[in-house]
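Below: one structure, written as structure tokens.
The values are calculated or read from the model by the stated rules, or taken from the named source; none is laboratory data. Just so you know, these numbers come straight off a predicted model, no measurement behind them. Ideal geometry is used to build each Cβ from the backbone, glycine not excepted, and the neighbour counts take in all protein chains shown.
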Amino acid sequence: MKEGTEMSELFQQPAPQPNTMQPESEEQGPDCQREVYQVAYERFRQSPDWVTFFREFLGVDGVVRKTFQHPKDLNAFEQGDTYTEIQQMVAKLRERSKNQTESNEPTRVITVRLPKSLHESLRAEAHDRRTSMNQLCISKLLQVIDNELVPSD
């Protein structure tokens, strides 16, 4: 995070413009991670709906991406304990919101082509966990995936 920038200011700042030439990493240290966690925890305690919390912290214009702008820093943060704790906050908010109306954010529908065996596996897992396939897939999509596990185009 830039020197002199308060976390609360990050909510008002516009998202950085994409840059094809990424500057060298500024190595965001433990202090930045601690600040991100503290702001996330304070927001979590206010019990927002999970979609709002996700958008504010983990979304494209969220605090995490504004703080860790270099891909190397973002990747390092996503592999750490602070990110795991923020993901657990999202999971708890999702659990709380089961009986509440969702946020006012519009939803989008995607179509994913997948092998029949994978579909059957997801259906069985959702059944075993006593949840819907939609909820299971959202949970899986919220998880960080190691770059080595994602095939290139």
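Before moving on, here are some points about what is shown:
- Matching option when the condition is hydroxyl-bearing (Ser, Thr, Tyr), more than 18 Å from the chain's Cα centre (by Cα) and either closer than 20 Å to PHE57 by Cα or at pLDDT below 95 (or both), among SER152, SER103: SER152
- Failed condition for ARG108, given (1) of a type in the set (Lys, Arg); (2) farther than 18 Å from ARG55 by Cβ; (3) part of a loop (DSSP other than H, G, I, E, B): (2)
- When VAL90 is tested against (1) in a helix (DSSP H, G or I); (2) at pLDDT below 95; (3) under 12 Å from PRO48 (Cα atoms), exactly one condition is not met: (2).
- Extreme residue, modelled with the highest pLDDT, among residues of segment 26-53 that are outside any helix (DSSP H, G or I), surrounded by fewer than 18 Cβ atoms within 10 Å (Cβ to Cβ) and of a type in the set (D, E, K, R): GLU27
- Residue match in segment 116-126 (condition: closer than 26 Å to GLN46 by Cβ, surrounded by 10 or more Cβ atoms within 10 Å (Cβ to Cβ) and of a type outside the set (A, V, I, L, M, F, W, C)): no
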